[in-house]
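Data block below; observations after.
What follows is calculated from the coordinates using simple rules that are stated; it is not laboratory data. As the structure is a prediction and not an experimental result, all values here were calculated from the model. Glycine also receives a Cβ, built like all others from the backbone with ideal geometry; neighbour counts cover every protein chain displayed.
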Amino acid sequence: MEHTGEVPIGEKKVTGFFSSSFYHAFRALFRPVTRTLRMVGVTPNMITLASLGFGIITGIEFARGHLWSGLLFGYLMGFSDIVDGQLAKEYNLTTRFGGILDSTIDRYNEFFIFAGLGAFFYTRGEPLWVMISAVTFANSMIVSYVKARAEAAGLDCNTGRLQRPERLTIVGLAVAFEGLLLKPLLGFLAAGTLFTVLRRVWYVKKQAE
């Protein structure tokens, strides 16, 4: 038995931009893929490791200035991240190790994305946007860290809009419309993730009191 300890959307409060009904409808599109993978013996952890490979390639392509090919591999990374959890939950293959592996790979994949974008701006001689890419990555990590620490302390932390699916969606839109939206949306992410961190810290503080 393998993989993620992620709680199904229907069993937790959804606090991001997307509703639980949207999550259910979107994930239903991947069920034929999930069934096929199960039939041929692919495990959730295999898919999680494949998503790491796609994440590495995404970062490399962004760094080389090949944003469209990087976006393609980014989509494959995101699809893998959906399918591994779905495969684990629907076929009772969840384990504590799988959940830890999945969360660890998720953090690495976000690093490769923002490191790739930072390298892209560096080669264009735009140090300010290198820094903004780094700040966005740091805030994204702290968003997840605050929740993990709160839950370890027995506190609820289901608050904040810019969770991982929303962050990846915004990055995808930014890259797809690079000439028009890359910098505005990256700036929005830098500010929005900081706001999410502060909101979570305040939310936890009020519970602790």
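Here are some notes:
- Scanning segment 83-129 for residues that are of a type in the set (D, E, K, R), surrounded by fewer than 16 Cβ atoms within 10 Å (Cβ to Cβ) and in contact (Cβ under 8 Å) with a residue 60 or more places away in the chain yields a count of 1.
- Taking the criterion of being under 16 Å from residue 208 (Cβ atoms) and assigned to a loop (DSSP other than H, G, I, E, B), the residues of segment 142-163 that qualify are 153, 154, 155, 156, 157, 158, 159.
- Condition met for residue 133 (in contact with a helix residue (DSSP H, G or I) (Cβ under 6 Å, 6 or more places away or on another chain), part of a helix (DSSP H, G or I) and within 27 Å of residue 58 (Cα to Cα)): yes
- Criterion: touching a residue at least 24 places away in the same chain (Cβ under 8 Å) and over 26 Å from residue 84 (Cα atoms) - qualifying residue of 204, 143, 175: 204
- Note on segment 146-183: among residues that are farther than 21 Å from residue 70 by Cβ and of a type in the set (Lys, Arg), the one that is farthest from the chain's Cα centre (by Cα) is 149.
- Filtered residue count, segment 130-154, keeping only those that are farther than 19 Å from residue 104 by Cα and surrounded by fewer than 15 Cβ atoms within 10 Å (Cβ to Cβ): 3
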